[in-house]
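Visitor: Could you have a look at this structure, given as structure tokens, before my questions?
The values are calculated or read from the model by the stated rules, or taken from the named source; none is laboratory data. Note that the coordinates shown come from a computational prediction; the quantities given were computed from them, not determined experimentally. A quick note on method: Cβ atoms are made from the backbone with ideal geometry, for glycine too, and the neighbour counts reach across all protein chains shown. Only protein heavy atoms, including side chains, enter the accessible area calculation; ligands, DNA and RNA are left aside. Shrake-Rupley method; radii C 1.70, N 1.55, O 1.52, S 1.80 Å.
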Amino acid sequence: MNQPLLNHATETMAVGSKSFATASKLFDTHTRRSALMLYAWCRHCDDVIDGQTLGFSAPAPVDTPEQRLAQLRESTRRAFAGEKMEDPAFAAFQEVALTQGISERLAFDHLEGYAMDVREETYQTLNDTLRYCYHVAGVVGLMMAQVMGVRDEAVLDRACDLGLAFQLTNIARDIVEDAQVHRCYVPLQWLADEGLDRSNYALPSHRRQLARIAGRLIEEAEPYYQSARAGLQDLPLRSAWAIATARGVYREIGVKVQKAGMSAWDNRQGTSKAEKLALLAAGAGVALTSRMASSTPRPPDLWQRPR
């Protein structure tokens, strides 16, 4: 075992995602190691594109976002080719990808999400937003499921759905924060419905309209959360517990955004340690009851991932 790589990944998770850090402790040792190291690569890629360190501001990079994206793509190609990787995030990813059989296509699908940011793409419809959600989060759900041993395409669909739900929740929570760095993932049609556009939607005077938009995002996330719950029965029990907990934590963030209404962006919405512990216990119940649930087909009207 390469302990320094695991230590780096564990630290990355602890700082970068306190929500998933809690849930990841429930995995068995082997799955947790792989999940942590996969997360470290995803976090690293995000930071490289944004010129940050673990999601926080860092000295301004001297190269362009396009150059940094090209570097990520080249390093990812080298990782899959089995070349020696000096960067700990890529060394960790290489170990996971090659031992768990993660496809090169999924990794590059994930990098396409960062490319969409670099190109400053806009999202006219909800389907456009969901396409972005797929690249930045749905693909991560697919890779995480593969780490847990999932190979069945129907179960992978549920894992992708959870990623979509997570990202819709993130977009709702971070609307104002994203606007401050000139990024908008809200469907432009929705802004127009409220008489807004990209130039003014995040102004404090428009919080009432923004609260309605955030509420729509949270409502759109719900069927994907429900679809993901239906996939828990096909995961190993400890993995099901971990994923049920992560699902509960993220879903609760969405609930808080919706309840806060116009005040949702006064403070960053999250869950306390006590709430996380309660959701961890609730996750155990969800994971156990999933063993007894009958299989249900995925709703046909949900967004379909690329094949």
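Visitor: Answer with one residue from LEU26, GLN209, MET148: the one whose Cα lies farthest towards the positive end of the charge dipole of the chain, charges on Cβ with Lys, Arg +1 and Asp, Glu -1.
Guide: Farthest towards the positive end: LEU26.
Visitor: While we're here: Considering lysine pairs in the chain that are 8 or more places apart or on different chains, how many have Cα atoms under 17 Å apart?
Guide: Lysine pairs satisfying the spacing and distance rule in the chain number 7.
Visitor: Of ASN127, MET116, LEU288, which is farthest on the positive side of the dipole of the chain, counting Cα position, with +1 on Lys and Arg Cβ, -1 on Asp and Glu Cβ, and the Cα centre as origin?
Guide: Most positive-ward Cα: LEU288.
Visitor: Please calculate how many Å² of accessible area the chain carries per residue, with a 1.4 Å probe and no DNA, RNA or ligand atoms counted.
Guide: Normalised by residue count, the accessible surface of the chain is 45 Å².
Visitor: Sticking with this one: Can you work out D for the stretch 60-115 in µm² s⁻¹ from Stokes-Einstein, where Rh is the Kirkwood radius over C-alpha pairs, the temperature is 20 °C and the viscosity is 1.002 mPa s?
Guide: 182
Visitor: Please list, short to long, the whole-number percent of alpha-carbon pairs of the chain in consecutive 10 angstrom bins beginning at zero.
Guide: 6, 27, 36, 24, 6, 0
Visitor: If you roll a 1.4 Å probe over the stretch 136-182 with all protein chains in place, what percent of the accessible area is carbon or sulfur?
Guide: 51
Visitor: Can you give the local net charge around SER290? Use residues other than it whose beta-carbon is closer than 12 angstrom to its beta-carbon, Lys and Arg +1, Asp and Glu -1.
Guide: Charge balance in the 12 Å sphere: +3.
Visitor: How big is the dipole moment of the chain about its Cα centre under a simple scheme where the beta carbon of each Lys and Arg is +1, that of each Asp and Glu is -1, and everything else is neutral? Debye, nearest 20, please.
Guide: That gives a dipole near 960 debye.
Visitor: Related question: For the stretch 63-105, with only Lys/Arg (+1) and Asp/Glu (-1) charged at the beta-carbon, what is the dipole magnitude about the Cα centre, in debye rounded to 20?
Guide: 140
Visitor: What does the convex hull of the Cα atoms come to per residue for the stretch 31-175, in Å³?
Guide: Roughly 116 Å³ of hull volume per residue.
Visitor: Highest mean first, what order results for 170-182, 207-219, 137-149 on Cβ atoms within 10 Å?
Guide: My ranking of the peptides, most packed first, is 137-149, 207-219, 170-182.
Visitor: Tally Lys and Arg at +1 and Asp and Glu at -1 over the other residues with C-beta under 10 Å from the C-beta of GLN269: what net charge comes out?
Guide: +1
Visitor: Given the -39500 (n - 2.57) contribution per DSSP H run of 4+ residues, what per-residue ellipticity at 222 nm results for the chain, rounded to the nearest 500 deg cm²/dmol?
Guide: -21500 deg cm²/dmol
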